[in-house]
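Below: one structure, written as structure tokens.
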Amino acid sequence: MLIQFVRTGGFAGLRTAVTLDTDTLPPEEARKLLEMVDASGFFNLPEKFPVPTRGADYFVYRLTVEKEGRKHTVEVSDPVAPAALRPLLQSLVAYARK
Amino acid sequence: MCRNILRNVRSSKEERAAGRKQEQMTDRIPIQCIIPPHMLKELAQKGSPKQRDLALKTLMVSERIRGRREAFAEVYVAPAVGVKCIKVYDAKHGQGLPGDEVQEPGNSNDQAVKEAYDGANATYDMYLDVFERNSIDDRGMCILSSVHFGENYDNAFWDGRQMVYGDGDGELFNRFTISMDIIGHELTHGVTEYEAGLVYYNQPGALNEHMSDVFGSLVKQRILNQTADEADWLIGEGIFTSKVNGKALRSMKEPGTAYNDPVLGKDPQPGHMKDYVRLSPWEDNGGVHINSGIPNRAFCITAMEIGGYAWEKAGRIWYIALRDRLRYNSSFQDAANKTYQIAGAMFGEGSKEHEAVKKGWADVGITIKKK
């Protein structure tokens, strides 16, 4: 499984990005990532979520996952990011900071 | 008509924002004009320059109406100016808003609570004392802040109703209430939403960010009693832990120099149109936190050229632009033209202030276009 992750925006306006290949990760880490992708129902999420009409300084995420011949990209900003996706987003921020 | 004494005349703007108008109507009481002429005369003699002007206009209109003996159907009074309402909530590391209200936040031992409270107060005071604005909506709206939002949350934001602050991860980021300009920045997003309504995308979005940085920085400068020359013009000073090589998140004076760190990268802000960063819509909404460096530097140069306290003249010019002249789709060029026009009207054509605005924009590569 390939994951490309970019988080932008937020008050700081920092770009936080990482690309991961589960084949090159320790098996336990790879398993956790696969679980989180499955738990979020990633391949059934819409490509674009509605952009918030009010508010400012939210984080904006762009996430692409390639798995078993399927490829899907999701663009979503913080208040509308589904709860099931949040653990994966949080974990990817931690990878980007490693 | 009565409300003109305390409010500014903004009928065109109110008519544009039909939805908002509905909201505003609810806090006015439809009654006949009840402010007696002797009070208006008092205001006309002893009020602030704006109050004097508005009281005089109201008196003139009242005289005319009295002569005609016409009846009014709908005249509204505004809530009293200066009623301050500031509340702080504790989200207790959850993401539910607003969380639990903190009693007496001004006396709290919780640093984040106290900072959120003090920062909201300082911002409210600046808007009222300097710009004669009564809170975020200019109608005394209660200012709400939630602290301790989420786990290790590296952000602060405005959600359309309130301000929200994370504690930071402790590794790279400290708590987001640490710098008063961040609080002024977030509150100003609310002001912008009620006024120019700058859409959060590309140049209008970068102007939205710029306005938040300008008034955020002015709140800090005013609390520290600093002139434009003395101010550091940094946004988010103290937000980074000692592990990060950086002094702040942004520099209005020298965009692109605030940080340069192996983990976080380098401050990407340009300070000139020739370095304008074009990004996809999904990336930081087209670079709203990046290209804001250009108008930020224009404001800083303007304020330094004028000299003295930045909020007194440059701040007033920018505030009038935000309140009355900018629109949801305004560009950097529009902001340059409008601030220049306003400076000419306020301080005179060719005045030092007028020329300072021209220089501020010229130094970032924007030439004023006169109609």
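None of the figures in this text is laboratory data; all of them are computed from the coordinates on show. Computed from a predicted structure; not experimentally measured. Don't worry about glycine lacking a Cβ; one is built from the backbone with ideal geometry, like all the others, and counts go over all protein chains shown.
Some observations on this one:
- Convex hull volume of the C-alpha atoms in region A:54-98, normalised per residue: 87 Å³.
- Comparing A:VAL18, A:VAL65, A:VAL80 in a Gaussian network model of chain A where C-alpha atoms under 10 Å apart are linked, the largest mean-square fluctuation is found at A:VAL80.
- For region B:204-249, GluC sites (Glu not before Pro) meeting the loop criterion (DSSP other than H, G, I, E, B) and having at most 13 other Cβ atoms within 10 Å: B:GLU230.
- Tensor-based shape of region A:7-54 (alpha-carbon gyration tensor, a/c under 1.5 rounded, otherwise prolate or oblate): oblate
- For region B:187-328: rounded, prolate or oblate by the Cα gyration tensor [a/c cutoff 1.5]: oblate
- Stokes-Einstein D for region A:2-97, Kirkwood Rh over Cα pairs, 10 °C, 1.306 mPa s (µm²/s): 115 µm²/s
- Per DSSP, loop trypsin sites (Lys or Arg not before Pro) in region B:262-296 with at most 16 further Cβ within 10 Å: B:ARG278
- Going from the residue with the fewest nearby Cβ atoms within 10 Å to the one with the most, B:HIS93, B:HIS354 rank B:HIS93, B:HIS354.
- At 1.567 mPa s and 4 °C, Stokes D of region B:97-255 from Kirkwood alpha-carbon radius, µm² per second: 81 µm²/s
- Sorted ascending by nearby beta carbons within 10 Å, beginning with the fewest, B:THR339, A:THR24 become A:THR24, B:THR339.
- Violating pairs (Cα-Cα greater than 29 angstrom) within the set B:LYS253/B:LYS338; A:LYS32/B:LYS114; A:LYS48/B:LYS369; B:LYS274/B:LYS370: A:LYS32/B:LYS114; A:LYS48/B:LYS369
- Cα shape, region B:258-336, gyration tensor, a/c 1.5 rule: oblate
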